[in-house]
Amino acid sequence: MSTCGPVDLPDPALVRPATARALPAHLTLLYRGPLASCDYDCPYCPFAKRRDSPETLRADRAALERFTDWVATRAEEAPGTRFSVLFTPWGEGLTRSWYRRAMVRLSRLPHVERVAIQTNLSGRTAWLADCDRDSVALWTTYHPGEVSHGRFLDKARELSATGIRFSVGVVGQPEHLEAAVRMRADLPEGVYLWVNAAEGATYTDAEAASWQEIDPHFHYSRLPHPSRGLPCRTGESVLSVNGDGDVRRCHFVDTPLGNLYDGSFADRLGPAPCPLTSCDCHIGYVHLETLDLYDVFRGGVIERIPARTGGW
């Protein structure tokens, strides 16, 4: 689940003109439906302990199934295009059966290279046995105030033992430092533990160094990245999709490119500079070409697993 804050509205002058384009050879889709409920009560999250109405849950299920159907039919409709899908729900998706089914189904499609979801790992994990383990992955977040060290670690060890790709993360709150150090020490070898800078927080060099010892890539999260006018893969080979099928270049740019289901988005795909002043969320700045993070996270961009995962 995301803890990233609001960003600037786009500069209309940088909105690209419509030009007809076929789908690229590889397309990454970040999907976020209406779901906004969570079983955790983190004080830094606006969706803590929120409950969706039955109507919202039904709408979320229908929207997710429609999206999954669309990806499944691309084998015939867009032959030659491979897909990666990252589910980024505001709340916790894996406590809902339809997200688990979507993960299983997408993982087994030959044209889907990777399917992953952001999760607090509070739910059961046995369903992962039905997935294609070469395609499925989890982006998990450890919330020390909501789950015990032992319970989360047991889940992580289960995933590692069964060969599921996953990363573990923590929000860089000062009160989480001790728990993060302990989790880093106890996680199975090769499991990456990332740290997100807390929203609105500033870190002294000494404070940042403590987090950097846990996550050697923390410096990317510590400060927002200037991005206006810089080349970014979003809008070309990376797209954000909401429950209605509205397509935007990323979660943080409001300008629509079209709709997934009527195909109108495809005419506006192509390279365009970032219209925002800065980008402070990993699911955004990882796609900035100037940061070379595709090389750092080679083979694990959407699940946030770097190419080198040992030695911590």
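Listed conditions (1) under 18 Å from the mean Cα position of the chain (by Cα); (2) on the phi < 0 side of the Ramachandran plot; (3) surrounded by fewer than 19 Cβ atoms within 10 Å (Cβ to Cβ) are all met by S240, apart from (3).
For the stretch 152-167, check the following and say yes or no: at least one residue is over 22 Å from P306 (Cβ atoms), touching a helix residue (DSSP H, G or I) at 6+ places or on another chain (Cβ under 9 Å) and of a type in the set (G, A, S). No, because not a single residue in the stretch 152-167 is over 22 Å from P306 (Cβ atoms), touching a helix residue (DSSP H, G or I) at 6+ places or on another chain (Cβ under 9 Å) and of a type in the set (G, A, S).
Identification of strands (runs of 3 or more DSSP E) wholly contained in the stretch 187-294 with 2 or more residues that are among the polar types (S, T, N, Q) yields 238-242. If you filter the stretch 247-262 down to residues that are out of contact with any Ser or Thr (no Cβ under 9 Å at 6 or more places or on another chain) and charged (D, E, K, R), you find that the one that is surrounded by the most Cβ atoms within 10 Å (Cβ to Cβ) is D254.
If the condition is being touching a strand residue (DSSP E or B) at 6+ places or on another chain (Cβ under 9 Å), surrounded by fewer than 20 Cβ atoms within 10 Å (Cβ to Cβ) and polar (S, T, N, Q), then the stretch 190-220 contributes only Q212.
Residues in the stretch 263-312 that are more than 27 Å from S160 (Cα to Cα), in contact with a Gly (Cβ under 8 Å, 6 or more places away or on another chain) and not hydrophobic (A, V, I, L, M, F, W, C) were compared, and the one that is surrounded by the fewest Cβ atoms within 10 Å (Cβ to Cβ) is P271.
Residue under question is W90, and the condition is that it be modelled with pLDDT under 95 and closer than 21 Å to R32 by Cα; does it hold? When the stated conditions are applied, W90 passes them. Just one of the listed residues (H143, H111, H176) is in contact with a Pro (Cβ under 7 Å, 6 or more places away or on another chain) and on the phi < 0 side of the Ramachandran plot, namely H176.
The residue list D39, D8, D60, D69 contains one member that is of a type in the set (D, E), modelled with pLDDT of 75 or more and either touching a helix residue (DSSP H, G or I) at 6+ places or on another chain (Cβ under 6 Å) or under 30 Å from A201 (Cα atoms) (or both), which is D39. Scanning the stretch 208-262 for residues that are among the small types (G, A, S), touching a Cys at 6+ places or on another chain (Cβ under 6 Å) and more than 18 Å from F67 (Cβ to Cβ) turns up just one, S227. Residue count for the stretch 109-150 satisfying the condition of being polar (S, T, N, Q) and touching a Lys or Arg at 6+ places or on another chain (Cβ under 7 Å): 2. For the stretch 150-157, the criterion of a residue being part of a strand (DSSP E or B), within 20 Å of the chain's Cα centre (by Cα), small (G, A, S) and within 23 Å of P216 (Cα to Cα) is satisfied by no position. For the stretch 58-71, the set of residues classified as over 20 Å from the mean Cα position of the chain (by Cα) and either farther than 19 Å from V112 by Cβ or among the aliphatic types (A, V, I, L, M) (or both) consists of R58, A59, A62, listed by residue number.
With respect to the numbered conditions (1) more than 29 Å from P271 (Cα to Cα); (2) surrounded by fewer than 19 Cβ atoms within 10 Å (Cβ to Cβ); (3) more than 18 Å from the chain's Cα centre (by Cα); (4) in contact (Cβ under 8 Å) with a residue 24 or more places away in the chain, which one is the sole condition not fulfilled by L187? All conditions pass for L187, except number (2). If you go through the stretch 129-149 and keep only what is over 23 Å from V85 (Cα atoms) and assigned to a helix (DSSP H, G or I), you end up with just H149.
The values are calculated or read from the model by the stated rules, or taken from the named source; none is laboratory data. Predicted model only: the values in this text are computed from it and were never measured. Note that each Cβ is placed from the backbone with ideal geometry, even for glycine, and that neighbours are counted across all protein chains shown.
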